1. Please enumerate the residues belonging to the stretch 210-229 that are assigned to a loop (DSSP other than H, G, I, E, B) and surrounded by fewer than 15 Cβ atoms within 10 Å (Cβ to Cβ).
2. Just need a number here: residues in the stretch 80-99 that are more than 15 Å from the ligand (Cβ to nearest atom) and either open to solvent by 30 Å² or more (accessible area, probe 1.4 Å) or among the polar types (S, T, N, Q) (or both).
3. Let me spell it out: the conditions are (1) in a helix (DSSP H, G or I); (2) open to solvent by less than 40 Å² (accessible area, probe 1.4 Å); (3) within 16 Å of the ligand (Cβ to nearest atom), and Gly203 meets all of them except one. Which number is the exception?
4. Would a scan of the stretch 149-160 turn up a residue that is surrounded by 21 or more Cβ atoms within 10 Å (Cβ to Cβ), within 16 Å of the ligand (Cβ to nearest atom) and under 19 Å from the mean Cα position of the chain (by Cα)?
5. Any residue in the stretch 186-194 that is outside any loop (DSSP other than H, G, I, E, B), closer than 22 Å to Val118 by Cα and touching a strand residue (DSSP E or B) at 6+ places or on another chain (Cβ under 7 Å)?
6. State which residue pairs qualify: first residue among the aromatic types (Phe, Trp, Tyr) and inside the stretch 131-152, second residue more than 16 Å from the ligand (Cβ to nearest atom) in any location, beta carbons under 6 Å apart, and separation of 6 or more residues or different chains.
7. Looking only at the stretch 100-109, decide whether some residue is within 19 Å of Leu6 (Cβ to Cβ) and crowded, with 18+ Cβ neighbours inside 10 Å.
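The values are calculated or read from the model by the stated rules, or taken from the named source; none is laboratory data. Small disclaimer: the values here were computed from a predicted structure and weren't measured. Note: ideal-geometry Cβ built from the backbone for every residue, glycine included; neighbour counts use all protein chains shown. Remember, those area values only see protein heavy atoms, side chains included, never the ligands or the DNA or RNA. Shrake-Rupley method; radii C 1.70, N 1.55, O 1.52, S 1.80 Å.
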Amino acid sequence: MASPPLDVDGRVFHFGSRTYVMAVLNVTPDSFSDGGRYLDPEAAVAQGLELARQGADLIDVGGESTRPGATPVPAREELRRVLPVVERLARATDVPLSIDTYKAEVAEAALRRGARLVNDVWGLAADPGMARVVARYGVPVIVMHNQREAVYGDLMGEILRALEAAVARARAAGVGDDRIIVDPGLGFGKDTGHNLEVLRRLGELRVLGRPILVGPSRKRTIGHVLGLPVDQRLEGTAACVALAIAAGADVVRVHDVEAMARVARMADAVVRGWPPAGE
Ligand code: HH2
């Protein structure tokens, strides 16, 4: 059964009717694929507007790279990077902004300046204040599975249990039941075999009864399979996006918005029927 509709500041997401596209906007010097390109707030805002033009349903602004080996960033520096961009972009576009952070202080400051969702790659477990901030602002939250070591006895079972625990943390803090989106965390504490298996078995996350977000975009698994550098992973990303949709994804987090919005629309026509409801 489809998850209930999600109202994000007046924009309603009807999960099940189509796949939604979350655009990546990294305001970092070291993100694995777009690091350094949008450090200047002006360039970041211009890129945000371009992503909106290309069809983004959400724009995910991040100020700290989470790629393996990236240098951790203190909250002060993360705030310095993201706040000017969130503040200006929120005024310049109607597309809801999410803040990609696991720090409550960064999330709260971004929410005050116009962000409308929180994307936490540590599933509300890294900062004890995070769930409370999400609840206080009444915003939706993406809880992602993550762990340090790529070691599993039962891959999907362990991801499911960890996501259940993240959902429980959100609910215990008072986050509305219909405001929690789950994400298996491709590339986070997972090797290539794990990532491929997660994509293949994504539909198993449906038992959680939440919208599913997945972020395969340009990731290392694609590089491993195809033997291609990060700037040549468009087709690999497209294959993952289409198959994720067939397996039950509701939202895809991508860098190449125009191309992946087309891939999603085509995959939706096959998976969800044609013509789309409401057209
Ligand atoms: N992947 C990245 C960052 N944030 N958030 C969610 N919910 N799901 C993901 O799969 C995910 C995420 C990593 O990608 P990117 O932002 O491009 O790189 P970096 O972490 O190097 O900035």
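1. The answer is Gly227, Pro229.
2. Residues that pass the stated criteria total 9.
3. (3) is the only condition that Gly203 fails.
4. Yes: one or more hits.
5. no
6. As it stands, the answer is Tyr137/Leu111; Tyr152/Glu158, since those pairs meet every condition given.
7. yes
The rows are residues; the columns are (1) within 14 Å of the ligand (Cβ to nearest atom); (2) out of contact with any strand residue (DSSP E or B) (no Cβ under 9 Å at 6 or more places or on another chain).
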site: His14; (1), (2): no, no
site: Ala23; (1), (2): yes, no
site: Asp30; (1), (2): yes, yes
site: Pro41; (1), (2): no, yes
site: Ala46; (1), (2): no, yes
site: Leu51; (1), (2): yes, no
site: Gln54; (1), (2): no, no
site: Leu58; (1), (2): yes, no
